[in-house]
Every structure is written in structure tokens, then in C-alpha cells.
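Participant: Let me begin by handing over the structure; questions about it come next.
The values are calculated or read from the model by the stated rules, or taken from the named source; none is laboratory data. Everything numeric in this text was worked out from a predicted model, so none of it was measured. Please note: Cβ atoms are built from the backbone with ideal geometry, for glycine as well, and neighbour counts cover all protein chains shown.
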Amino acid sequence: MRIAPASIAMALGIALAACQTTGPPPMRTTGDVTAQPSAAGQTITAQGPTAVLWVKGLACPGCIVNVERQLKAVEGVEHIEVDLGSGRVDIALSAENPASRQQLRDAIDKSGFTLDRIEAP
Amino acid sequence: MRSTKAALRSIALRRREGDAALGDTAGWAVMLSRFQLAIVLGVGALATAASSHAQAPINSNVALQPSTGGVILRQQLRYFEAGDVKAFVVPTTILYGLRDDLTLILTTPLVFREVHDPMTGETRRDSGVADLTFLTKFRVFRDDFGPTETRRLSLLGGLEIRSGDTGFTSDSYDPIFGGVFTHAQGRHAFDADLLWKFNTAGGAAGADQMKYDVAYLYRLAPEQYSSSKLTALFGVLELNGQYDMNGDHELFVSPGISYVTKRWTLEGTIQLPILQELDHRLARDFVVGLSFRIRF
């Protein structure tokens with residue numbers, strides 16, 4: 001069985017690129033998200049501030065991975081809870097170094113979904 | 001199907017009669033693979049390369065994509081019978097989200113086949129690597145109109161790459177272009193795709209191919225998602241067709257079932273032919289497929 005070297009090189013290239021990627025580097029936080037209690041019924045618990053993101057287009061359970069991957073890469077995001085049916089994403093933020101609204105907005109953009117609004121009074 | 005089987009019998013007969021062109025070790029089985037099975041496998045790669053998201057049809061494409069830096073690995077096991085040919089095809093697909101709207105997709109299909117010669121009673125078994133498929137998927141339209149509702153349109157472009165494995169490859173580099181549309185609303189999802197492969201191999205067996213798929217998914221459970229209900233069971237019904245520019249036309253109806261969790265998906269399907277007008281490649285009696293996808 002003889003395999004074309006070009007085919008092998010391409011396969012290895014793709015696999016290597018995929019393995020090397022561990023998400024975008026942490027962004028500098030500006031800390032402009034203020035504290036908000038979690039919604040009743042949510043299991044999220046946090047010492048620091050929380051925020052609620054309302055996301056649209058989460059068509060299936062697998063979509064949650066996309067959202068979590070991007071939000072976890074944001075410095076200052078400590079815990080994420082997704083309600084798929086309503087598109088509600090509860091986030092616990094670091095008390096010392098909470099993520100900014102813009103960082104959260106960018107993370108949802110990178111996940112491939114539409115951010116409806118952020119609730120973080 | 002009748003004409004293909006007749007052609008196979010003819011090849012076997014010519015071999016028995018010592019036809020010089022077919023009497024060497026390359027023989028009728030290799031001829032079969034080069035001009036018929038390779039095309040069948042090409043169809044399989046086209047059908048499965050880009051369809052690796054969570055809420056996705058099993059044999060068709062979907063306009064959903066992994067996020068930036070996201071990786072999806074899909075392992076399939078497909079079994080089909082086509083007259084005296086039985087084959088397991090094992091395509092491995094890796095998707096990488098270069099951006100949230102741009103995905104790289106590579107599929108490498110392994111093939112294990114068994115060819116029975118009805119004239120001699122001999123059965124040959126061999127295995128190899130069929131042509132690889134490299135595709136890019138670029139989203140050109142997105143309308144997320146509700147929490148779980150979305151409409152998306154993506155373009156597909158890439159290349160079917162010769163594996164170099166004699167007997168399993170088309171020995172050509174064939175460009176592929178197309179598009180896929182997805183509409184998901186409530187418990188329903190609809191996908192449609194159209195792909196064109198420019199076959200650079202030449203000859204009647206190397207005709208350009210147009211592949212088309214339509215799929216409907218219904219979420220059997222749960223009725224409503226919540227923060228505690230993050231798994232789903234989908235019923236899937238697909239029509240998977242291919243028209244070759246040499247006049248061959250094949251259409252399958254493909255019911256299936258898909259169990260989706262946050263991290264992985266398990267799915268099964270059976271493809272049954274409802275239209276087969278084939279003179280240049282094997283007519284598959286049926287295809288059974290199992291698939292596992294995992295998201296990183």
C-alpha cells in the first residue's frame with residue numbers, strides 16, 4: 001500500500017494545528033462588570049460578581065461547548081452555567097479581576113452565536 | 001443495478017478465458033476497485049466530511065460550525081453490500097475552527113473489502129486508504145432568531161486528494177465546491193446541501209459528480225431544554241442523492257437516530273436505495289452507518 005506523501009503531510013498538518021490550539025490567550029481585564037446575584041433556580045455559586053448573558057442560536061447541547069470554550073478563555077470568568085432552553089448563561093466572575101463586558105461580548109462572537117444582551121447591573 | 005452485475009460477470013468471464021488485459025495480478029478485482037468502488041467511496045467521503053456538528057444529519061452536511069479553536073473528531077463505521085462486494089468503510093474526520101465562521105475539515109477513509117467471484121467461488125479480501133477529502137466551510141449568513149433558533153448558510157470548497165493506495169484511489173485531485181443551508185427552530189431542524197465535484201480523472205468513470213442531500217431532524221426528547229436537560233435524542237430522515245455527468249443517478253432514503261450530549265454524539269443510520277440508474281459504478285444494496293463524534 002503506497003500513500004502519497006502530500007496526503008500524509010496535509011493530514012499531519014491539520015492534526016498538528018488542531019492539537020496545538022488551546023484557545024485564545026487571556027485578555028486583559030478592565031473590571032467594568034459589577035455584581036449581580038444569580039437568578040433563582042440556578043446552581044451557580046460565587047464569592048465575586050456575576051453576570052447573565054442572553055445568547056441566541058444555541059441549537060443543540062453541543063453548542064454549549066462552543067460557548068464554554070470561549071468564556072473559559074477569558075481571564076476573570078470562574079464559572080459558567082448554561083440554560084439551553086432560554087439561552088441564559090450565568091457567569092461567576094473573579095472578585096479581584098472580573099472580565100469586562102467587551103471581553104464577554106468578544107467571547108460570544110468567537111463562539112459563533114449571537115449575544116442578545118448582558119445583564120450585569 | 002442489473003447492468004452493473006452483468007458487467008461484473010463479464011469481467012469475471014473474460015478473466016477465466018485468459019483475457020490478456022485482465023489476466024495479470026491486477027485482475028478483475030483491481031479493475032473493479034479502480035473504476036467503480038473508488039467512486040462509491042468518494043461519495044461516502046463527500047457525504048460525511050463536513051457533517052460533524054452536534055445537531056447534524058448523519059449522511060448530509062450542516063451549516064453549523066465549531067467555535068474558534070474548537071476541534072471535533074468524528075469516527076464512522078459504514079458497511080455496505082453491492083452484489084458480490086462487501087465493504088467496511090471507516091472514515092475519520094477532524095474539524096478545526098480556524099474562526100467561528102471558517103472551519104477546516106479533513107476526512108481519511110480506511111477501507112476493508114471482500115470481493116466474491118461467483119465464477120470461481122474465490123473470495124478476495126484486502127484493505128487500503130481511499131482518497132482523502134479536505135474541505136473548508138465558510139459561513140456567509142447567520143440569523144440567530146431565538147434561544148435555540150438559527151438559520152445559517154455556508155459555502156464549502158476543497159479537494160479530494162489521491163491517497164496513492166493502488167486499488168483504492170481515483171489517482172486524481174478533484175476540486176469540490178458547494179453550499180449548505182441549515183434551519184433549526186424548536187424541536188425541528190432542516191438541512192439541505194448541494195456539492196459539485198470536478199472529476200479530473202477523465203474517462204466515463206471519472207465524470208463530474210453532483211451530490212445533493214435534504215435532511216429533517218426532530219427532537220424526540222426532551223420536549224424543552226433546560227439547565228438540567230442538556231442531552232437530546234433526535235430522529236433523522238434524509239434523502240441522499242448523487243447525479244454523475246455520465247448519466248448515473250442514485251438516491252437513498254436514510255432514516256436514523258442521534259443521541260447528543262454536550263461533549264459527544266452517537267448515531268446510527270441505514271441507507272436504502274430508492275433510485276438507482278447506474279451503468280458505471282456499483283449499485284449498493286444498502287448501507288449501514290454508525291458514528292461517534294466528540295467535541296473539544
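Participant: Can you name the residue in the range B:260-275 that is facing chain A (nearest Cβ under 9 Å) and either among the basic types (K, R) or part of a strand (DSSP E or B) (or both) and, of all such residues, is surrounded by the fewest Cβ atoms within 10 Å (Cβ to Cβ)?
Facilitator: Only one residue tops the list, namely B:R263.
Participant: Could you please let me know if B:Y79 is under 21 Å from A:R69 (Cβ atoms) and in a strand (DSSP E or B)?
Facilitator: Taking the combined requirement at face value, the residue does not satisfy it.
Participant: Counting only residues that are in contact (Cβ under 8 Å) with a residue 40 or more places away in the chain and of a type outside the set (D, E, K, R), how many does the range B:207-216 have?
Facilitator: Going through the range B:207-216 one residue at a time, the tally reaches 4.
Participant: Which numbered condition trips up B:A201, out of (1) more than 23 Å from A:N66 (Cβ to Cβ); (2) in a strand (DSSP E or B); (3) more than 14 Å from chain A (Cβ to nearest Cβ)?
Facilitator: Only one criterion in (1) more than 23 Å from A:N66 (Cβ to Cβ); (2) in a strand (DSSP E or B); (3) more than 14 Å from chain A (Cβ to nearest Cβ) is unmet by B:A201, namely (2).
Participant: Here is a follow-up. Can you find, within the range B:75-115, the residue that is farthest from the other protein chains (Cβ to nearest Cβ) among those that are touching a helix residue (DSSP H, G or I) at 6+ places or on another chain (Cβ under 9 Å), of a type in the set (V, I, T) and touching a residue at least 24 places away in the same chain (Cβ under 8 Å)?
Facilitator: My answer is B:V85.
Participant: Looking only at the range B:105-144, how many residues end up being outside any strand (DSSP E or B) and more than 13 Å from the chain's Cα centre (by Cα)?
Facilitator: Qualifying residue count for the region: 6.
Participant: Further, regarding this structure: Can you pull out every residue in the range B:116-167 that is facing chain A (nearest Cβ under 7 Å) and of a type in the set (V, I, T)?
Facilitator: Across the range B:116-167, the qualifying residues are B:V129, B:T148, B:T150, B:I161, B:T166.
Participant: What number goes with the only condition from (1) within 25 Å of B:T103 (Cα to Cα); (2) within 19 Å of the chain's Cα centre (by Cα) that B:A232 does not pass?
Facilitator: Here B:A232 meets the rest and fails (2).
Participant: Within the range B:194-238, work out how many residues are closer than 16 Å to B:E250 by Cα and either hydrophobic (A, V, I, L, M, F, W, C) or in contact with a strand residue (DSSP E or B) (Cβ under 6 Å, 6 or more places away or on another chain) (or both).
Facilitator: Result for the range B:194-238: 13.
Participant: A follow-up question, please. Looking at B:L195, B:L251, B:L155 in this structure, which one is among the hydrophobic types (A, V, I, L, M, F, W, C), assigned to a strand (DSSP E or B), buried (at least 21 other Cβ atoms within 10 Å of the Cβ) and touching a Gly at 6+ places or on another chain (Cβ under 7 Å)?
Facilitator: Exactly one residue qualifies, and that residue is B:L195.
Participant: Here is a check on your reading of the model: is B:F286 closer than 24 Å to A:V65 by Cβ, modelled with pLDDT of 95 or more and more than 10 Å from every other protein chain (Cβ to nearest Cβ)?
Facilitator: no
Participant: Let me ask something else. Can you work out which of the residues in the range B:165-186 that are hydroxyl-bearing (S, T, Y) and under 25 Å from B:L110 (Cβ atoms) is modelled with the highest pLDDT?
Facilitator: Among them, the one singled out is B:Y173.
Participant: Please state which one of B:Y218, B:Y225 is of a type outside the set (S, T, N, Q), touching a Gly at 6+ places or on another chain (Cβ under 6 Å) and not in a strand (DSSP E or B).
Facilitator: B:Y225
Participant: Hey, another quick one. If I filter the range B:252-262 for residues that are more than 23 Å from B:T148 (Cα to Cα) and of a type in the set (D, E, K, R), do I get at least one hit?
Facilitator: Looking for residues that are more than 23 Å from B:T148 (Cα to Cα) and of a type in the set (D, E, K, R), one finds none in the range B:252-262, hence no.
Participant: In the range B:217-240, which residues are facing chain A (nearest Cβ under 7 Å), of a type in the set (A, V, I, L, M, F, W, C) and in contact (Cβ under 8 Å) with a residue 60 or more places away in the chain?
Facilitator: If the condition is that a residue be facing chain A (nearest Cβ under 7 Å), of a type in the set (A, V, I, L, M, F, W, C) and in contact (Cβ under 8 Å) with a residue 60 or more places away in the chain, then B:A232 is the only one that fits.
Participant: Within the range B:157-189, which residues are β-branched (V, I, T) and touching a strand residue (DSSP E or B) at 6+ places or on another chain (Cβ under 7 Å)?
Facilitator: Within the range B:157-189, B:I161, B:I176, B:V180, B:T182 qualify.
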